[in-house]
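Following: one structure in structure tokens, then a few remarks.
Taken together, the values in this text are just the output of simple stated rules run on the coordinates, not laboratory data. Here the structure is a predicted model, which is why all the values come from computation and not from measurement. Here the Cβ positions follow ideal geometry from the backbone for every residue, glycine too, while neighbour counts run over all protein chains shown.
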Amino acid sequence: MIKIFLPSNTEKTFDKESVDLLDVAQSIGNSLAKEVLAASVDGKVIDINTSIENNSKVTLLTWNDDEGKNAFWHTSAHLLGAALLELYTGIQLGTGPAIENGFYYDVDFGKHKFTDANFTAVENKMLELAQKKSGNILRKVSKAQAADFFTQNFNSYKLEMIDDLPDGNITFYETGDFTDLCAGPHIPNTSFIKAVKLTAIAGAYWRANEKNKMLTRVYGIAFPKKAELDQYLEGIEKAKQRDHRKLGKELELFYFDEQVGMGLPLWAPKGEALRQNLIGFLKKIQMRAGYQHVASPHIGKKELYITSGHYAKYGQDAFQPIKTPAENEEFFLKPMNCPHHCKIYATKPRSYKEMPIKYAEFGTVYRYEQSGELHGLTRVRGFTQDDAHIYCRPDQLKDEFLKVVDLVNLVYGKLGFTDFHTQISLRDTTNKEKYLGTDQMWSLAENAIIEATQERGMKSTTKEGEAAFYGPKLDFMVRDAIGRKWQIGTIQVDYMMPENFDLTYTGTDNALHRPVMIHRALFGSMERFIALLIEHTGGNFPLWLAPTKVIVLSIAAKYIPYCLAIADQINEEFDQQIEVDQRDEKIGRKIRDAETQKIPYMLIVGEKESEENKVSVRVHGQGDTGAVLVSEFIENFRKELKII
């Protein structure tokens with residue numbers, strides 16, 4: 001007798017020694033059985049053609065589930081590998097995983113030249129292979145068998161991977177005539193794949209190591225229906241128009257320069273105004289919530305990051321140490337703000353009465369990302385975090401965590417992000433060596449996060465093995481205006497760092513106790529968040545956020561003094577950046593340029609306006625709204641600016 005516990009507290013019983021997951025789907029309905037792609041059994045995603053022998057929690061996954069899409073795209077990657085091997089003799093395949101939107105395969109093409117001109121032939125071959133309805137068959141092999149296979153079918157990259165794998169845990173997947181080293185999971189067969197599109201090619205060092213050979217990374221995406229591919233491609237075209245790299249340059253927000261360094265953005269005046277608007281907005285909210293703002297240096301001694309644990313985990317990804325004239329003295333560019341905040345906490349004795357203590361900082365940190373992974377503002381080497389660390393008593397943990405969740409809801413709501421969900425990231429219980437801390441610490445922290453999300457009724461998924469090395473976390477994923485998902489804010493519970501830095505407070509019993517630490521970032525990286533805002537709004541920022549809110553345009557040069565007087569009046573009242581276009585250009589050209597810059601308000605001034613102390617108001621994207629007194633415009637402007 002086997003009991004299957006389905007979502008929504010549904011239970012099914014099978015009078016068998018084992019039950020096939022496809023039979024479970026069939027017992028619910030024929031339509032589901034035709035659509036199911038994989039299954040989650042006790043939190044682990046596996047093939048739908050697997051049999052289970054024990055009572056289990058089962059979630060059947062379709063295209064509507066992220067894990068279902070992941071299995072679909074994993075099989076699509078195998079289909080890409082199979083097509084490439086048929087079309088190009090002598091090539092070697094590297095790794096071919098599913099990614100957030102599609103899949104890729106890293107390929108050593110050898111003597112072959114591969115460009116986007118080859119995409120159509122590969123797509124056609126993939127569809128031809130998909131129509132064969134090949135199953136995805138899992139086969140366990142020994143290390144010797146795996147090595148023998150890839151020796152006969154020469155692939156030095158697979159042989160290197162096999163070298164690093166323990167014997168007894170190696171599996172192959174066979175898809176038709178294609179065999180690959182793979183742990184799965186996969187969809188039942190290739191016939192589910194009805195539409196494919198190769199989207200890009202790029203260079204990628206083998207195993208992300210610049211000392212290794214550069215391979216060709218072939219990206220693609222696939223769908224169960226042609227209409228869904230068409231919709232996706234339409235979204236890609238929209239995304240190109242909203243690309244933050246394109247708009248950032250057009251709107252004069254930020255730049256990159258090779259002489260300054262890859263991944264190190266230069267913020268122009270308008271870009272810095274945008275950053276400061278965001279910082280001012282969040283600072284005001286944080287101060288109301290009891291946060292104290294601090295500042296820490298851009299560098300720290302190596303010993304600081306050894307104590308925190310960051311050096312052991314991230315030392316290889318950091319910039320190389322800065323050596324000083326003193327013997328054996330080394331500094332690092334700051335990879336995290338939290339060790340510095342711990343040192344501020346430790347500057348004096350603390351009492352239970354002053355807990356929680358909340359430190360916030362807009363602190364710039366540095367990570368040496370691989371050059372091939374840098375991408376505009378979304379992946380940089382120097383970025384500013386809206387970092388905060390809460391030091392609380394263990395009995396305050398859940399309440400403080402809930403307060404941060406409420407703060408996230410408030411901030412995202414003010415910014416217009418209402419479509420978001422959370423991911424609870426837990427540690428990998430099969431590989432505990434990767435993490436710091438005791439089982440008890442992890443259990444307390446993980447339960448606090450799970451209970452908090454349940455209390456707030458939040459849409460959440462759980463991922464094992466995605467936790468930070470010092471504690472579990474709750475990550476926030478938002479959808480932008482064209483439906484793309486972005487991971488931004490995070491809340492993390494940490495029992496370990498207070499231990500490492502020997503942080504204490506005096507309790508009611510007059511004894512010393514260890515605080516719990518909550519790491520919190522609502523925007524995450526300011527750079528990444530601004531990239532999201534640019535693409536979400538298409539550069540049409542709300543008035544309170546826009547770097548230039550008003551531009552005054554004169555019809556003729558003789559009205560420029562009046563224009564400057566208006567700008568001074570608005571600046572004096574609101575301390576905002578108000579521009580005056582003093583160029584010797586026709587008014588039509590000035591309006592077109594202001595529209596291109598997406599400035600919310602254009603105030604047009606001619607003879608009548610200057611005589612009557614008025615301005616003609618033009619709203620970006622809407623056109624003229626008529627003439628008003630300057631005082632009336634200022635009053636309306638004041639109302640619009642107030643957001644919190």
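For the chain, with only Lys/Arg (+1) and Asp/Glu (-1) charged at the beta-carbon, what is the dipole magnitude about the Cα centre, in debye rounded to 20?
Its charge dipole is roughly 400 debye.
Over the chain, what is the relative contact order in whole percent, taking alpha-carbon pairs under 8 Å and six or more residues apart?
Relative contact order here is 8 percent.
Let me make sure I get this right: for region 550-641, a, b and c are the square roots of the gyration tensor eigenvalues over alpha carbons, sorted descending. Under 1.5 in a/c it's rounded, otherwise prolate if a/b > b/c, else oblate. Which is it?
Judged from the Cα gyration tensor, region 550-641 comes out rounded (a/c under 1.5).
Kindly express, to the nearest 10 degrees and within the range 0 to 90, the angle between helix 226-242's C-alpha long axis and the longest C-alpha principal axis of the chain.
Long axis of 226-242 versus the principal axis of the chain: about 30 degrees.
Taking a ≥ b ≥ c as the square roots of the Cα gyration tensor eigenvalues, with a/c under 1.5 meaning rounded and otherwise prolate when a/b beats b/c, else oblate, which class fits region 2-62?
It comes out rounded by the Cα gyration axes.
What do you get for Rg/Rh of the chain when both radii come from the Cα atoms and Rh is the Kirkwood radius?
My calculation puts Rg/Rh at 1.01.
Please list, in order along region 132-137, the HN-Hα scalar couplings obtained from phi with the Karplus expression 6.51 cos²θ - 1.76 cosθ + 1.60 (θ = phi - 60°), rounded to whole Hz, x for Gly and Pro.
6, 6, 6, x, 10, 9
Count neighbours as other Cβ atoms within 10 Å of each site's Cβ, and list the GluC sites (Glu not before Pro) in region 216-311 that are DSSP loop with at most 10 such neighbours.
Counting only loop positions with at most 10 other Cβ atoms within 10 Å, the GluC sites (Glu not before Pro) in region 216-311 are Glu258.
Can you list the HN-Hα couplings for region 92-97, worked out from phi with the Karplus curve (6.51, -1.76, 1.60; θ = phi - 60°), rounded to whole Hz and with x for Gly and Pro?
10, 8, x, 9, x, x
Considering only lysines 8 or more places apart in sequence, or on different chains, count the pairs in region 381-534 whose C-alpha atoms sit under 22 Å apart.
17
Calculate the length of the line joining the C-alpha centroid of region 604-629 to that of region 57-75, in whole Å.
Result: 56 Å between the Cα centres.
With Cβ to Cβ distances under 13 Å as the rule, what net charge do the other residues near Asp502 carry (K, R +1; D, E -1)?
It works out to a net charge of +2.
When only C-alpha pairs under 8 Å and at least 6 residues apart count, what is the relative contact order of region 2-62, in percent?
Dividing the mean separation by the residue count of region 2-62 yields 40 percent.
Can you tell me the 0 to 90 degree angle between the C-alpha axis of helix 66-87 and the longest principal axis of the chain, rounded to 10?
The angle comes out at about 70 degrees.
Got a sec to turn the phi values of region 36-51 into Karplus ³J(HN,Hα) couplings, 6.51 cos²θ - 1.76 cosθ + 1.60 with θ = phi - 60°, whole Hz, x for Gly and Pro?
Karplus values, whole Hz, x for Gly and Pro: 5, 10, 7, 9, 9, 10, 6, x, 10, 7, 9, 5, 6, 8, 7, 9.
When the helices in the chain are scored as -39500 (n - 2.57) per DSSP H run of 4 or longer and the sum is shared across all residues, what 222 nm value do you end up with, to the nearest 500 deg cm²/dmol?
Mean residue ellipticity, 222 nm, calculated: -10500 deg cm²/dmol.
Please find the FRET efficiency linking Ser27 to Glu228, where r is the Cβ-Cβ separation and R0 is fixed at 22 Å, and quote it to the nearest 0.05.
Here the calculated transfer efficiency is 0.20.
Do the alpha carbons of any pairs in Lys143/Lys313; Lys246/Lys270; Lys586/Lys614 sit beyond 18 Å of each other, and which pairs?
From Lys143/Lys313; Lys246/Lys270; Lys586/Lys614, over 18 Å: Lys143/Lys313; Lys586/Lys614.
If you average the alpha carbon positions of region 371-449 and of region 104-119, how far apart do those two centres end up, in angstrom?
39 Å
So how tilted is helix 119-130 from the main axis of the chain? Cα-based, degrees 0 to 90, rounded to 10.
Tilt of helix 119-130: around 40 degrees.
What does the charge add up to near Val36, with Lys and Arg as +1, Asp and Glu as -1, over the other residues with Cβ less than 14 Å from its Cβ?
Spelling it out: positives minus negatives among the neighbours equals -4.
If I take every Cα pair under 8 Å that is 6 or more residues apart in region 73-241, average their sequence separation and divide by the length, what percent do I get for the relative contact order?
26 percent
Return the lysines within reach of Lys323: Cα separation strictly under 19 angstrom, same-chain partners fewer than 8 residues apart disregarded; answer none if there are no such residues.
Straight-line reach from Lys323, under 19 Å: Lys301, Lys302, Lys334.
Give Lys284/Lys358; Lys111/Lys213; Lys113/Lys158 a once-over and call out the pairs whose C-alpha atoms are over 18 Å from each other.
Correct reply: Lys113/Lys158.
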